[in-house]
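Structure record follows, encoded as structure tokens.
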Amino acid sequence: MEQDDLQRLFDSKIEQEIRIEPKDWMPEAYRKTNLRQISQHAHSEIVGMLPEANWITRAPSLRRKVALLAKVQDEAGHGLYLYSAAETLGTSRDEMMDDLNSGKAKYSSIFNYPTLNWADIGAIGWLVDGAAITNQVALCRTSYGPYARAMVRICKEESFHQRQGYEIMMSMAFGTPEQKQMAQDALNRWWWPALMMFGPNDSESVHSQQSLDWKIKRVSNDDLRQEFVDKSIPQVEYLGLTLPDAELKWNEERGHYDFGPIDWEEFYRVVSGNGPCNKERLEARNKAHNDGAWVREAALAFAEKRQINVA
Ligand code: FAQ
């Protein structure tokens, strides 16, 4: 088929909501955009295990420990589905890992903040997974088949994560005055970084328009952020907590909550590697990668031996 025909076929699939599959022809820029987004997403799941894993040994009860352990394991699984989806676009997992470990690849800004106490685990499950679900439900309808299918399962698991977090927040907010204060402090520290997860405002988002045209993204950064704010506020009210935003107000005309300005300087500082924990996260990833070298070598040697035996 001629290039123009291939392009027309691709355009008509996008138009008709027919998924693009790995062996289909696709524009090079479409392939690269998917690879960038899916690999960043995979890296976020993997780095995202670190702030929480830090609390597995200090969970306040066996029940909490088991739930947190399951959540962190799910995140490893999400990373693996997403790396598999990204590999269908022609880049190896080794290359993606090297990009993460060298600091070249991005992962979500949120995971560069520290988890100072147990209430932070509640706030992460509730707000970080809550923001992730808001974004990812829309991604179940993304146009690239392997990414869309991975998102369906991920969303189901994220929903459990969000409940796990909110349940911790309920226990603390309805607990002793000290526990309630811890819950409020965690909310104060995680609220703004959670809003930053949705990325820059639409007017500043370099990739949004093209990604929306290709139906990789289905909803814009600002619209998803607004959806998250609107649904979080009744949850905050139920807990009897307050949001650290003096400008938060219901806007009757818009039918949405208005909220104060995001500190974009902080966002870009964190994204460019200078957040509170960027260095620590990369060190932990590199240590895990180096410590695991013998496992990779053993697995490869075993696979080679099996191939020789089969041959
Ligand atoms: N952090 O033009 P846009 C989770 C970058 S999973 C860091 O708007 P785009 C589960 C962006 O990459 C959380 N960088 O970009 C969990 C681009 O840089 P580039 C991850 C950010 O792609 C929970 C530049 O800024 N979720 O939390 C961020 O159209 C708990 C310009 O931005 C996903 O990855 C940020 N927050 O839209 C795990 C969802 N925002 O590549 C453990 C999939 C923007 O040109 C515990 N990704 N940037 O160098 C997406 O939906 C999109 O990629 C956006 C950004 C919305 C993140």
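Computed from the coordinates by the stated procedures, all read-outs in this text should not be read as laboratory data. Keep in mind it's a predicted model, so treat the numbers as computed, not measured. Neighbour counts are summed over all protein chains in view; Cβ atoms, including those assigned to glycine, are modelled from backbone coordinates with ideal geometry.
Between the listed residues Gly165, Val295, Ser220, the Cα displaced farthest toward the positive end of the dipole of the chain, a dipole computed from Cβ unit charges relative to the Cα centre, is found at Val295.
Computed from phi, the 3J(HN,Hα) profile of region 105-112 under the Karplus parametrisation 6.51, -1.76, 1.60 (θ = phi - 60°) reads 8, 8, 9, 4, 3, 4, 7, 9 Hz, with x in place of Gly and Pro. For His256, nonlocal amide neighbours, meaning residues 5 or more places apart or on other chains whose placed amide H falls under 5 Å from its own, are Asn251. Take each peptide in 59-65, 117-123, 191-197, count the other Cβ atoms within 10 Å of every residue, and average; sorted highest first, the result is 117-123, 191-197, 59-65.
Computed over the alpha carbons of region 27-132, Rg followed by Dmax gives 15.2, 52 Å.
Relative to one another, the C-alpha centroids of region 196-235 and region 258-311 are positioned 26 Å apart.
For the chain, the 222 nm mean residue ellipticity estimated from helices alone, with every DSSP H stretch of n ≥ 4 adding -39500 (n - 2.57) and the total spread over all residues, rounds to -21500 deg cm²/dmol. Across region 257-274, computed HN-Hα scalar couplings (Karplus, 6.51 cos²θ - 1.76 cosθ + 1.60, θ = phi - 60°) run 7, 7, 9, x, x, 7, 7, 5, 5, 4, 4, 5, 4, 5, 5, 8, x, 10 Hz from first to last residue, x flagging Gly and Pro.
For region 224-251, the residues whose amide N sits under 16 Å from a probe point set 7 Å from the Cα of Asp263 along the beta carbon direction are 244-247. Normalised by the number of residues in region 180-234, the mean separation of alpha-carbon contacts (under 8 Å, six or more apart) gives a relative contact order of 30 percent. Let's test the formula: R0 of 51 Å, r as the Cβ-Cβ distance of Ala298 and Leu6. What FRET efficiency results, to the nearest 0.05? Working from the Cβ atoms, E equals 0.70.
If the only charges are +1 at each Lys and Arg Cβ and -1 at each Asp and Glu Cβ, what is the size of the charge dipole of region 246-311 around the Cα centre, to the nearest 20 debye? Could you put the intermediate results ahead of the total?
Numbers: 10 positive and 12 negative charges, 135 e Å.
It works out to roughly 640 debye.
Taken as Cα centroids, region 4-63 and region 148-164 sit 14 Å apart, rounded to the nearest whole angstrom.
Using the average count of surrounding beta-carbon atoms within 10 Å as a protection proxy, the listed peptides 225-234, 283-292 rank, highest first, as 225-234, 283-292.
Pairs of alpha-carbon atoms within less than 8 angstrom and 6+ residues apart define the contacts here; what relative contact order does region 168-304 have, in percent? It would help to have the intermediate numbers written out before the result.
Working: 82 pairs, mean separation 24.9, N = 137.
With pairs under 8 Å counted, the relative contact order is 18 percent.
Size of the dipole of the chain about the Cα centre, Lys and Arg at +1 and Asp and Glu at -1 on the beta carbon, nothing else charged, in debye to 20? Numbers along the way, then the final one.
Details: 37 positive and 46 negative charges, 241 e Å.
Dipole size: approximately 1160 debye.
Under a model in which nothing but the beta-carbon of Lys, Arg (+1) and Asp, Glu (-1) is charged, region 134-251 shows a dipole of about 540 debye around its Cα centre. When the pairs Lys106/Lys217; Lys104/Lys156; Lys65/Lys106; Lys65/Lys180 are compared against a 26 Å limit on Cα-Cα distance, Lys104/Lys156; Lys65/Lys106 fall above it. Candidate cross-link partners of Lys215 among the aspartates and glutamates, defined by an alpha-carbon separation under 13 Å and a same-chain spacing of 8 or more, comprise Asp11, Glu15, Glu17.
Highest mean packing first, where packing is the average number of other Cβ atoms within 10 Å per residue, the peptides 247-254, 84-91, 35-42 line up as 35-42, 84-91, 247-254. Each Cα pair under 8 Å and six or more residues apart adds its separation to the average, and for the chain the resulting relative contact order is 18 percent.
Treating each Cα of the chain as an identical point scatterer and summing with the Debye formula, the log10 of I(q)/I(0) at q = 0.12 Å⁻¹ comes to -0.87.
Which residue, Phe10, Met96, Thr33, has the largest displacement toward the positive end of the dipole of region 1-158 when charges sit on each Cβ (Lys, Arg +1; Asp, Glu -1)? It is Met96, whose Cα lies furthest towards the positive end.
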